[in-house]
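Read through the structure below, which is laid out as structure tokens, and then see the notes.
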Ligand code: GDP
Ligand code: MG
């Protein structure tokens, strides 16, 4: 893609089992998809065309599991996922946020995602606590249920807005 084209790469990070793959799959069903161009290049790479505020952007998602070297991957946004029902996955997410801030700085969109919000009675991480962590590391926070496809469109749109804002703050 050309330098000024709206092509954004999003790396999906987080502990195993938090719902990264499920979330990425659900993005492909969003009502914001401009037209059905979603392609699955490999098991872990997806590209979609999103129409937001009359502007089309292509977003590529790399489902990175745990093995990614942040220096190696050039991305426009980082999505750090944990499960609100699994405390250890939140700790992993906070470590990742710290690493991102140190390695990448604050000029890239970073979104902390508390997934599995449907597991209400198993919740181990309070919303306020996750919000605090996001604030501390210059990230946004969203809670989703990938299983119920709840708040997933909002996450996709919030991410694109955040990417556009970081490129052109106003
Ligand atoms: P990944 O390892 O991070 O890619 O996680 P997966 O997407 O493979 O999901 C791991 C397990 O969690 C699967 O059994 C999913 O069905 C389940 N899962 C994913 N998202 C949710 C969710 O929002 N709520 C619940 N209850 N389960 C979920
Ligand atoms: Mg996966």
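The values are calculated or read from the model by the stated rules, or taken from the named source; none is laboratory data. If you're wondering where the values come from, they're calculated on a predicted model, not measured in any experiment. For neighbour counting, all protein chains shown are included, and Cβ atoms are generated from backbone atoms with ideal geometry for every residue, glycine included.
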Those residues of region 13-23 which are within 8 Å of ligand 1 (Cβ to nearest atom) and touching a strand residue (DSSP E or B) at 6+ places or on another chain (Cβ under 6 Å) amount to 14, 18, 19, 20, 21
Of those in region 3-33 that are more than 9 Å from ligand 2 (Cβ to nearest atom), part of a helix (DSSP H, G or I) and buried (at least 21 other Cβ atoms within 10 Å of the Cβ), the residue farthest from the chain's Cα centre (by Cα) is 26
Output for Cβ contacts, cut-off 6 Å, separation at least six or different chains, first residue surrounded by fewer than 24 Cβ atoms within 10 Å (Cβ to Cβ) in region 72-88, second assigned to a helix (DSSP H, G or I) and modelled with pLDDT of 95 or more, reads 76/163; 77/159; 77/163; 85/122
The lone condition residue 70 fails out of (1) part of a loop (DSSP other than H, G, I, E, B); (2) over 17 Å from the mean Cα position of the chain (by Cα) is (2)
Out of (1) more than 26 Å from residue 46 (Cα to Cα); (2) not in a loop (DSSP other than H, G, I, E, B), the one residue 111 does not meet is (1)
